[in-house]
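S.K.: A single structure is presented below for examination.
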Amino acid sequence: MASAIYILDIWHNLLISRKYKQDLDDSLILSNYVSQKKSQPIFHYQGCNYISYKADDIIILMISFSNINCVSNLYFCHQFANALKEYLDGRLLDDSSIKENFILVYQLFDETFDFGIPQLTDFNILREYIKLSDQDSELETSNVDSKSKSSQKIDTTNSNLLNTSISRTATTNLSWRPKGIFYPKNEFFVNLVESLNLLYLLETKKLQRNFISGQVTCQCYLSGMPRLVIALNIAKDDSLFDNVNYHQCINSDEQDSKQSKVITFTPPDGKFTLFTYQILQRSLHLKPLVLVEPIYKLFCKKNSYRLRITASLTTHFKRNLSLNDLKICIPIIINQTKSQLSSSSTQLLVDYNVPPKFKCKLGNAKVNLETNRIIWEIHSLPGNVTNNPNVDDFKLTCEFQLIDRHSLLGQLHELSSVDKQNQNSIFYLSIQTEEKRLNDRLDEDTEISDLRNPNALISLSFQLPLMAYSGIMVEYLKITEDQFPYQTFPWVKYLTKTDNYHLKLGHNNFINNINDEHLTKAIEETGSSTTVTVVDTSNDRLNQVPPDTASPPQRKYSFDEYHID
C-alpha cells in the first residue's frame, strides 16, 4: 500500500497531498526525492520506495515504506492523471489547474484510494461517483452540440443521485460498465485512425522506413449490457499486427490464442480506446500515398544566375477519395559542384531583394524565411494523380534570382556602415543585432545535396478520410442485448494522417547548367568593379571609421568581417 501521494509542480513545489500514515515529514520526503531523483521513475532510498510520474506540468509522486508492486502503482499514477484530465476537459495539467480544482483532486484521492491501496481509475465509473457542480454541468451542456449523445442520457430526477449498481461494479466481472444505463437512441461509433511514419528515397525510389501506428477509438451510447462483435478483414491465420494493446473489455489471452479476426466484448459507456496496434514490416510493400518529385535547376539567364524549382505531385489512392489539408515543405537548396564551392567567392546564394516568382494552379505557395523552405498548401487533392509532363495542374514552379557571396557581403557591409537594411540583410543577418554572423548556410563547404544532410528532406502533412492506409476495414459490426432487444445504429469512420512523413532528395533531383569558368570570370569582373568607399566625416557618427581602418580611404571588404554561426 502507498504511504502518501503528492502532486508537485515542475519545480518540485508541493501543490496538494494525501497521507495515509500520519508520522510522515513532507519536507524530508520531498528533499530526499529532489536530491536523489534520477532519470528512472522508480528508485529506493533509505527504506522508502519513490514512484513518480510526470503528466504535462505536474509530477505525481507516490511513496511507500512496504514492498509493493511498483509498476502497478506507476500505471495507477498514469490512469489517475488521465482521469483528472478527463474531468478538466483536456486542459493542461499545471499548478493553476490543480489549485483551482483542489476539491476535485481530493475527491479523486478518496475514490481511487482505499487507505493507500489503489482501487478504481476508470473515468466512466468515476464520473458517476464524482459529479461536477450544477453550474459547470449547465455550462458544459450549453456548449455541447444538439446531436451530442452525452446529452441524450435521461436524467429526469436529481443529477446528484447515484446509480446503486455502480457501487457493486468494481467487484463484478464487468468492472468497467455499470448496470442501469439507458439511452433513448442507441448508437455506437468506431473511429479507426492510422498515423504514418514514412521515409522515401527519391533517388532509389524505395521505402527506407514505413511504420503504421493505429488505434481504434469508440463512443458507446448503448443501453443495458450489450454484447458487440467486430470482424476485421484479416485472414484467419494472418498476424498483421506487430504490437497490439487491447482494452480490458477484451480478453487478450483468448484473442491472441485464437488468432481470430473477430473481436467480442462488452464495451464501457462513453469514449474509450478499444485497441492500439503497429504495423512495421508489411507496410514496406505499400506505396506512399503522396509523392513529390522536385527538380532543382541552376542556370544563367540575362547575365544573372537563377534557381528554378519544379515540383510535381503523384497520388496512390482511389480517385473517388480526396486528401485534405496537404502541406508540403520544400527546402531551398543551391547545389553547386565541388569546384564551384572550392572558392568562397563563387558560392551562390538567394537574392531576396528580388521577389521570387511562383506559378501553381492548385493551392497557394509562399516562402518561409525562418526555415528557408517553400510552403505549398493545398486544401483538397484528388486521388490517382499521375506525373504528366504536359499537364501543369498538379505542379509548382518557383524561380529565385541568385547572388554570389562576394557581392552579398559587399551589400551587407555598405548597409551596416549607413545603418540600413534590405531583404538580404534581414534574412542573412540577425534582425536584433544587424551585424551578427552570417547563417551557417553561407559556409557549407560540402555539397548540400548530401543525403546525410537533414535539410535534404521534403516534409508533408495531410489527412485522408474514408481510408485506412494498411487496408484494414470493419467487415461487420453486430450488437446484441439479451435483456431487451432494441434498434441500434452502428457507425464506422476511417482516417489516415501523417505523423512523420518525409521524402529524401537524391542527386538526380539536381541539375547544374552553370559553367565553372564563366561563373569565376563573371564574379571576378563584378568584384573588381565593386568597392566600398569609406568617407572620413568626423562629425557624422554613423559613418565614422576606426583609426585602423580609416586608411586607405579606398579598400575592399574582407570575408572575415562576417563570420558564420
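Laboratory data are not the source of any read-out in this text; all were calculated from the coordinates shown. In this text the structure is predicted, and so the values were computed from the model without any measurement. All Cβ positions, even for glycine, are placed from backbone atoms using ideal geometry, and neighbour counts span all protein chains on display.
S.K.: Which of 317, 102 has the fewest other C-beta atoms within 10 Å, and how do the rest follow up to the most? Don't skip to the answer; put the middle values down first.
M.R.: On the way: 317 21, 102 12.
Going from least to most buried by this count: 102, 317.
S.K.: A follow-up question, please. Taking R0 as 56 Å, what FRET efficiency do you get between residue 115 and residue 511 from their Cβ-Cβ distance, rounded to the nearest 0.05? Let's see the in-between values first.
M.R.: Details: r = 74 Å, r/R0 = 1.33.
Efficiency, from the Cβ-Cβ distance: 0.15.
S.K.: Also, I was wondering about something else. Which FRET efficiency, nearest 0.05, do residue 22 and residue 375 yield, Cβ-Cβ r, R0 56 Å? Walk me through the intermediate numbers first.
M.R.: Details: r = 61 Å, r/R0 = 1.08.
The computed FRET efficiency comes out at 0.40.
S.K.: While we're here: Rounded to the nearest 20 Debye, what is the dipole magnitude of region 4-134 about its Cα centre when Lys and Arg each give +1 and Asp and Glu each give -1 at the C-beta? The partial results should precede the final answer.
M.R.: Details: 11 positive and 17 negative charges, 86 e Å.
In total the dipole reaches around 420 debye.
S.K.: What's the extension gain from residue 189 to residue 127 if we count 0.36 nm per residue and subtract their Cα-Cα distance? Before the final figure, lay out the partial values.
M.R.: Numbers: separation 62, 0.36 × 62 = 22.32 nm, distance 2.07 nm.
This chain segment gains 20.2 nm when fully extended.
S.K.: Next question, about the same structure. What distance in nm lies between label points placed 7 Å from Cα along the C-beta direction at residue 310 and residue 78?
M.R.: About 5.2 nm, to one decimal.
S.K.: I've got another one for you. Can you tell me how much longer the chain between residue 422 and residue 327 gets when fully stretched, taken as 0.36 nm per residue apart minus their C-alpha distance, in nm with one decimal? Walk me through the intermediate numbers first.
M.R.: Details: separation 95, 0.36 × 95 = 34.20 nm, distance 2.93 nm.
The residue 422-residue 327 span can extend by a further 31.3 nm.
S.K.: Next question. Using 0.36 nm per residue, how much length does the chain from residue 99 to residue 14 gain when fully extended, once their Cα-Cα distance is taken away? Mind dumping the intermediate values first?
M.R.: Values: separation 85, 0.36 × 85 = 30.60 nm, distance 1.09 nm.
Net length gain for the segment: 29.5 nm.
S.K.: Let me ask something else about it. For region 261-313, run through the trypsin sites (Lys or Arg not before Pro) and keep only the ones in DSSP coil with at most 12 other Cβ atoms within 10 Å of their Cβ. List each step's numbers first, then the result.
M.R.: Details: sites: 261, 271, 282, 297, 301, 302, 306, 308; in loops: 261, 302.
Those that pass, being in a loop and sparsely packed, are 302.
S.K.: With a cut-off of at most 13 other beta carbons within 10 Å, and DSSP calling the residue loop, which trypsin sites (Lys or Arg not before Pro) in region 181-235 qualify? Please list them.
M.R.: Values: sites: 185, 205, 206, 209, 227; in loops: 185, 205.
Those that pass, being in a loop and sparsely packed, are 185, 205.
S.K.: Strictly over 29 Å apart at the Cα level, which of 205/361; 54/261; 206/497 would you flag in this model?
M.R.: Numbers: 205/361 27 Å; 54/261 37 Å; 206/497 21 Å.
Over 29 Å Cα-Cα: 54/261.
S.K.: Further, regarding this structure: How many percent of all Cα-Cα pairs in region 1-103 sit more than 24 Å apart? Each step should come with its number before you reach the end.
M.R.: Details: 937 of 5253 pairs.
Looking at region 1-103, the distances longer than 24 Å represent 18 percent of pairs.
S.K.: Still on this structure: Ranking 56, 23 by Cβ neighbours within 10 Å, fewest first, what do you get? Don't skip to the end; give the middle numbers.
M.R.: Working: 56 13, 23 6.
Listing 56, 23 from fewest to most nearby Cβ atoms yields 23, 56.
S.K.: With the crude spin-label approximation of a point 7 Å out along Cα→Cβ, what separation in nm comes out for residue 262 versus residue 66?
M.R.: With each label placed 7 Å out from Cα toward Cβ, I get 4.5 nm.
S.K.: For the pair residue 225 and residue 34, how long in nm is the line joining their label points, each one 7 Å along Cα→Cβ?
M.R.: Distance between the two pseudo-spin positions: 5.2 nm.
S.K.: May I pose another question? Among 128, 194, rank each residue by its count of other Cβ atoms within 10 Å, from fewest to most, as a rough exposure measure. Don't jump to the answer; show the numbers that get you there.
M.R.: Working: 128 18, 194 23.
So the ranking, lowest neighbour count to highest, is 128, 194.
S.K.: Can you give the charge dipole size of region 310-362 about its Cα centre, rounded to the nearest 20 debye, using +1 on the beta carbon of Lys and Arg and -1 on the beta carbon of Asp and Glu?
M.R.: Details: 7 positive and 2 negative charges, 65 e Å.
Here region 310-362 has a charge dipole of around 320 debye.
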